[in-house]
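Heads up: the structure comes next, in structure tokens.
What follows is calculated from the coordinates using simple rules that are stated; it is not laboratory data. Since the structure is predicted, the reported quantities are computational estimates derived from the model, not experimental observations. With ideal geometry, Cβ positions are generated from the backbone for all residues, glycine too; neighbour counts draw on all protein chains shown.
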Amino acid sequence: MEPSLTLRGIDVYRSYLDRPEQAALVDDIRGIVTAAPLFSPETRWGKKMSVRMTSAGRFGWISDRSGYRYAAKHPNGEAWPPIPERVLDIWQALANNHRLPECCLVNWYGEGARMGLHQDRDEADFSFPVLSVSLGDEGLFRVGTDARKGPTESFWLRSGDVVVMGGAARLTYHGVDRIRFGSSTLLPQGGRINLTLRVVT
């Protein structure tokens, strides 16, 4: 399948998931959150992030005053639940890779939440892509270069869109400036869910 848009090497698959597929995925995510509740991570400087998160898979991504890292267990001490098959199907269709992801990070953006520009670089091997799924309210996605202060441009991600960052774009700085709260009816109380799939080891 060819991407709808390629921006700075990042492939965007617009409306990859139709509405029933999005709703089914939300049900899967509810199962993840039941097993591994959402939590509010801290930066290494002790500031609470505006995004709440959890994970599924062999590893989960966590952040606290000890820094950013992957961990085998949720902060409550329980193992992370498995990555849903529907999520793995998206990876297998679009990531063009023989290895399955070891982490599915679940980010939930409420009203006013955002994610600053950052690189995904806590993984051991950058030859594997990062795949991202958007569900719910639209998010203004900012894309830069591999330099923190490089030029940026932004575009809106809608529910059902999938983004793949691989190759030269794997370490591109990116973030979410804001969401259009209430722009989607997928989540009954609004908000945006972002799933990010990564090979960790």
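Odds and ends about this structure:
- Wholly enclosed strands (runs of 3 or more DSSP E) of segment 53-117 bearing at least 3 residues buried (at least 21 other Cβ atoms within 10 Å of the Cβ): 60-64, 103-109
- Flag for ARG142 being touching a His at 6+ places or on another chain (Cβ under 7 Å) and assigned to a strand (DSSP E or B): yes
- Answer residue from segment 160-194, given it is farther than 20 Å from LEU117 by Cβ and assigned to a strand (DSSP E or B) and is nearest to the chain's Cα centre (by Cα) among those: ILE193
- Any hit, segment 120-130, residues being β-branched (Val, Ile, Thr) and either within 20 Å of ARG19 (Cβ to Cβ) or assigned to a loop (DSSP other than H, G, I, E, B) (or both): no
Per-residue answers, yes or no, for (1) under 17 Å from MET165 (Cα atoms); (2) of a type outside the set (Ser, Thr, Tyr); (3) under 12 Å from the mean Cα position of the chain (by Cα):
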residue: PRO75; (1), (2), (3): no, yes, no
residue: PRO81; (1), (2), (3): no, yes, no
residue: GLU85; (1), (2), (3): no, yes, no
residue: ALA93; (1), (2), (3): yes, yes, no
residue: CYS103; (1), (2), (3): yes, yes, yes
residue: GLU111; (1), (2), (3): no, yes, no
residue: SER132; (1), (2), (3): yes, no, yes
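- Candidates GLU123, GLU153 - the one that is closer than 20 Å to PRO3 by Cβ and among the acidic types (Asp, Glu): GLU153
- Matching option when the condition is touching a strand residue (DSSP E or B) at 6+ places or on another chain (Cβ under 7 Å), closer than 15 Å to THR196 by Cβ and not aromatic (Phe, Trp, Tyr), among LEU94, LEU7: LEU94
- Residue within segment 23-44 that is within 22 Å of HIS174 (Cα to Cα), among the acidic types (Asp, Glu) and surrounded by 17 or more Cβ atoms within 10 Å (Cβ to Cβ) present: no
- Condition met for ASP18 (over 20 Å from ASP120 (Cα atoms), in contact with a helix residue (DSSP H, G or I) (Cβ under 7 Å, 6 or more places away or on another chain) and in contact (Cβ under 8 Å) with a residue 24 or more places away in the chain): no
- Just one of the listed residues (ASP146, ASP125, ASP120, ASP177) is out of contact with any Asp or Glu (no Cβ under 9 Å at 6 or more places or on another chain), of a type in the set (Asp, Glu) and without any contact (Cβ under 8 Å) to a residue 60 or more places away in the chain, and it is ASP146.
- Residues (of a type in the set (Phe, Trp, Tyr) and surrounded by 16 or more Cβ atoms within 10 Å (Cβ to Cβ)) located in segment 142-201: TYR173, PHE181
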